[in-house]
Amino acid sequence: MRTKVAIIGAGPAGLLLGQLLHKQGIETIIIERRSRDYVLGRIRAGVLEQATVELLEKAGVGERMHVEGLVHDGVEFCFDGDRHRFNFRSLIGRTVTVYGQTEVTRDLMQARDASGEVSLYEADGVTIHDFDTDKPKVRFVKDGIAQEIACDFIAGCDGYHGVCRASVPSGALTTFERVYPFGWLGLLVDRPPVADELLYARHERGFALCSMRSPTRSRYYVQVPSGEKVEDWPDERFWDELRWRVDAETADRLVTGPSIEKSIAALRSFVAEPLRFGRLFLAGDAAHIVPPTGAKGLNLAASDVGVLAEALTEYYHELSPAGIDGYSARVLSRVWKAERFSWWMTSILHTFPDTDAFGRRMQRTEFDYLIGSEAASKALAENYTGLPL
Ligand code: RFL
Ligand code: PHB
């Protein structure tokens, strides 16, 4: 087989890149190790920045998102029971859209099917070769048969545990990492959300988040120590813990029900540099991880491939390498700002094992400063709704 761009991974980064390139007439093959259903079954992010919404429109998959997505003008923070709403629309004239990653993935898979481009699911033992030459190759086993794809470029959209970053010679890569001593236990339930907008809560017992997927489906999270097991969290224990951590009015309004999904995600900050090695590019979680507190993971994946699609289009249509040469630096400057925001949100909203009385006052003072200063509120708003590229 031969193609122009071999895309490893059918998460949001790989699928969106495939669609953006298809719109430009650039042929791709997507190689994914899991099944379609497995990819669709993963419950992950829920908040789309304005720029992500625009990119999905550009990829031709905006229709259902505009009908079913919920436009939110702001979010609420709750510190030790005191609530404050940040109205992004009135602060800076921007909003976010609540539309689950599962739905984004479904829309992109449908568009890919309609495009006629090739996607290979359940590809085992994917390896990448010769990306330091102008004849890179991808090898894998599909249905028991060894296969090879020759291509011009490889896009590593295979997530944090993927094969692409791991294939870069170690001396060529610098990584930056912080692992947090806690995770998020998430629960999905078919009950109406407790409020119209997202509520981020900080409490002595730990962080909590009230989010949603639709007017009838809610997503809730509570901070748990690293190493915690989902089996130790029957639904009742989860609901009790959530009620503790939010204000009394929210706790009273909460409509509980049987969970339809429950899982624990570890929290990590991670950046690899650079993001291009000859004819291999890294994008999305393969390149960087943010803790979910700032709702940036999916949005960064989208903006990375937005830039990569432009760069590859410039290469094929204008015969200019300027875009691909500038890809890494352009993407990383935005990535680091999202890393900073996600780290900061995580720092002020979670309880850390070593947070002392001074640390607690600092967290509280961050909150008081945020609500008392229009400049600080605007800084929160511009970061949450997404910095420009
Ligand atoms: P993905 O979605 O991980 O997709 C990568 C794809 O590559 C495949 N793959 C391979 N394919 C072939 N060969 C290999 N060797 C391969 N290795 C891996 C995988 O099967 C997969 O299909 O990365 P992508 O596309 O970069 O998208 C990034 C987003 O998915 C991610 O940033 C967010 O979901 C992060 N994230 C969250 N972000 C938020 O903004 N809000 C959230 O609430 C939120 N919750 C989460 C999350 C990430 C989680 N992970 C990674 C475990 C919850 C979880 C549990
Ligand atoms: C979610 O709905 O899953 C969600 C929303 C906001 C976040 C993280 C996760 O910051």
Self-check item: Extension gain, ALA251 back to THR355 (0.36 nm per residue minus Cα-Cα distance, nm)
Solution: 34.9 nm
Quiz item: Most exposed first by the Cβ proxy, i.e. fewest other Cβ within 10 Å, how do CYS157, CYS78 rank?
Solution: CYS78, CYS157
Practice problem: Would you please give the FRET efficiency between ARG243 and ASP134, computed as 1/(1 + (r/R0)^6) with r the Cβ-Cβ distance and R0 = 45 Å, to the nearest 0.05? | Solution: 0.15
Self-check item: Inter-label distance, nm, simple model (7 Å from Cα along the C-beta direction), THR365/ARG2
Solution: 6.5
Exercise. Evaluate the distance, in nm, between pseudo-label points positioned 7 Å from the Cα of ILE145 and of LYS337 along their respective Cα→Cβ axes.
Key: 4.9
Practice problem: Please report the relative contact order for segment 171-214, taking Cα pairs under 8 Å with a sequence separation of at least 6, and give it as a percent rounded to a whole number. | Solution: 28
Quiz item: By count of other Cβ within 10 Å, fewest leading, how are MET109, MET1 ordered?
Solution: MET1, MET109
Quiz item: Which semi-axes, in whole Å and largest first, does the equivalent ellipsoid of segment 159-279 have when worked out from the alpha carbon gyration tensor as the square roots of 5 times its eigenvalues?
Solution: 35, 15, 14
Exercise. With 29 Å as the limit, write out which pairs from LYS137/LYS296; LYS4/LYS262; LYS262/LYS378; LYS4/LYS58; LYS296/LYS378 have Cα-Cα distances beyond it, or answer none.
Key: LYS137/LYS296; LYS4/LYS262; LYS262/LYS378
Exercise. Take every Cα-Cα distance within segment 290-341, group them into 10 Å bins from 0 onward, and report for each bin the whole-number percent of pairs it holds.
Key: 26, 44, 22, 8, 0
Quiz item: Using alpha-carbon pairs under 8 Å, 6+ residues apart, how would you state the relative contact order of segment 110-260 in percent?
Solution: 17
Quiz item: Quick one: length gained pulling SER263 to LEU387 fully straight, 0.36 nm per residue minus the C-alpha distance?
Solution: 41.7 nm
Quiz prompt | Gaussian network model of the chain, Cα within-10 Å springs - most flexible of VAL67, VAL271, VAL189 | solution = VAL67
Quiz item: What is the order of LYS137, LYS378, fewest Cβ neighbours within 10 Å to most?
Solution: LYS378, LYS137
Quiz item: When you count, for each residue, the other Cβ atoms within 10 Å and take the mean per peptide, how do 53-59, 329-335 rank with the highest first?
Solution: 53-59, 329-335
Self-check item: DSSP beta bridges in the chain [antiparallel fraction, %, rounded to 5]
Solution: 75
Quiz prompt | Pairwise Cα inverse-distance average, inverted: Kirkwood Rh of the chain (Å) | solution = 21.7
Practice problem: Enumerate the residues in segment 79-118 having an amide nitrogen under 13 Å from the point lying 7 Å beyond the Cα of ARG36 toward its Cβ. | Solution: 106-118
Self-check item: Sequence-separation-based contact order of the chain, relative, with Cα cut under 8 Å and 6+ spacing, percent
Solution: 21
Quiz item: Under a point spin-label approximation (7 Å from Cα along Cα-to-Cβ), what is the ASP82-ASP325 distance to one decimal in nm?
Solution: 5.4
Self-check item: Reduced Cα scattering model of segment 195-261, Debye log10 I(q)/I(0), q = 0.26 Å⁻¹
Solution: -1.40
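None of the figures in this text is laboratory data; all of them are computed from the coordinates on show. The structure presented is a predicted model; accordingly, all values stated were derived computationally and were not measured. Because the Cβ atoms are built from the backbone with ideal geometry, glycine has one as well, and the counts that use them run over all protein chains shown.
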